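Have a look at the structure below before the remarks.
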Ligand code: ADE
């Protein structure tokens with residue numbers, strides 16, 4: 001699963017015998033990647049879209065979910081082009097602190113949604129094999145594109161997160177409730193500062209092939 005067309009286009013083009021259908025308003029394409037049956041969905045941007053697309057994949061029988069695409073790096077260690085594999089995810093825009101909850105925490109739910117360790121290991125190995133520098137840590141998700149060093153620093157300090165994006169935490173919450181293992185691998189497109197608005201679209205040109213290479217490594221196992 002990827003959020004934007006740029007993030008899934010190369011995978012879709014590589015599918016043999018592709019069949020697309022609309023499930024819960026999402027275009028899901030089934031087909032074979034190097035002989036292995038997969039389901040591909042472009043969720044659209046944001047948390048609600050990611051949750052719906054995760055349900056659509058589960059309804060079609062997905063046994064594990066991989067979210068790929070781009071993220072903003074919010075730790076100094078992360079450089080554009082690096083890979084981030086989530087250990088767990090938080091939704092940084094959840095705020096029920098007025099009722100005594102911690103930032104990111106809903107009333108009766110944990111603030112952090114875990115990624116599947118085995119799937120995450122596979123994703124990290126695939127990115128390493130591609131020659132990428134791989135970071136493993138917490139990813140913070142919100143319905144906000146972060147393009148301010150102040151906001152980036154606030155999220156990093158509040159949640160001990162290393163990257164921001166707009167879907168993974170919602171997909172992880174949904175996958176957890178459905179009992180489907182999920183892994184999230186993101187390529188650092190920008191560092192969530194003022195330049196992010198130009199760095200992000202520029203990186204879109206590279207992400208399709210990177211995502212395809214990761215998926216190829218996964219199905220080759
Ligand atoms: N995805 C890639 N870069 C991002 C950023 N700076 N904020 C939110 N999502 C992103």
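Within the stretch 160-169, does at least one residue satisfy the condition of being more than 19 Å from residue 109 (Cβ to Cβ), in contact with a helix residue (DSSP H, G or I) (Cβ under 8 Å, 6 or more places away or on another chain), more than 8 Å from the ligand (Cβ to nearest atom) and not in a helix (DSSP H, G or I)? Scanning the stretch 160-169 turns up at least one residue that is more than 19 Å from residue 109 (Cβ to Cβ), in contact with a helix residue (DSSP H, G or I) (Cβ under 8 Å, 6 or more places away or on another chain), more than 8 Å from the ligand (Cβ to nearest atom) and not in a helix (DSSP H, G or I). The residues of the stretch 1-45 that are in a loop (DSSP other than H, G, I, E, B) and more than 14 Å from residue 66 (Cβ to Cβ), listed by number, are 4, 15, 24, 25, 34, 35, 44, 45.
When the stretch 173-204 is limited to residues that are assigned to a helix (DSSP H, G or I) and in contact with a helix residue (DSSP H, G or I) (Cβ under 8 Å, 6 or more places away or on another chain), the one that is farthest from residue 72 (Cα to Cα) turns out to be 178.
The residue that is farthest from the chain's Cα centre (by Cα), counting only those in the stretch 120-143 that are surrounded by 15 or more Cβ atoms within 10 Å (Cβ to Cβ) and either over 21 Å from residue 81 (Cα atoms) or without any contact (Cβ under 8 Å) to a residue 12 or more places away in the chain (or both), is 143. Do the conditions hold for residue 104, that is, is it part of a loop (DSSP other than H, G, I, E, B), buried (at least 23 other Cβ atoms within 10 Å of the Cβ) and in contact with a helix residue (DSSP H, G or I) (Cβ under 7 Å, 6 or more places away or on another chain)? So residue 104 passes the test.
Residue check: residue 69 meets all listed conditions (1) at negative phi; (2) part of a strand (DSSP E or B); (3) touching a helix residue (DSSP H, G or I) at 6+ places or on another chain (Cβ under 6 Å) but one, namely (1).
Could you grab me the full set of residues in the stretch 21-59 that are surrounded by fewer than 16 Cβ atoms within 10 Å (Cβ to Cβ), more than 23 Å from residue 217 (Cα to Cα) and touching a strand residue (DSSP E or B) at 6+ places or on another chain (Cβ under 9 Å)? 21, 22, 59 - these are the residues of the stretch 21-59 that are surrounded by fewer than 16 Cβ atoms within 10 Å (Cβ to Cβ), more than 23 Å from residue 217 (Cα to Cα) and touching a strand residue (DSSP E or B) at 6+ places or on another chain (Cβ under 9 Å).
Each residue in the stretch 107-122 was checked for being at pLDDT 95 or above, over 17 Å from residue 175 (Cα atoms) and touching a helix residue (DSSP H, G or I) at 6+ places or on another chain (Cβ under 9 Å), and 1 of them qualify.
From the list 88, 93, 82, the lone residue that is surrounded by 14 or more Cβ atoms within 10 Å (Cβ to Cβ) and more than 15 Å from the ligand (Cβ to nearest atom) is 88. Condition test on residue 152, is it surrounded by 16 or more Cβ atoms within 10 Å (Cβ to Cβ) and either more than 11 Å from the ligand (Cβ to nearest atom) or outside any helix (DSSP H, G or I) (or both)? So residue 152 fails the test. Exactly one residue among 62, 56 is part of a loop (DSSP other than H, G, I, E, B) and modelled with pLDDT of 95 or more, and that residue is 62.
The values are calculated or read from the model by the stated rules, or taken from the named source; none is laboratory data. For clarity, every value in this text was computed on a predicted model and none was experimentally measured. All Cβ positions, glycine included, derive from the backbone under ideal geometry; neighbour counts span all protein chains shown.
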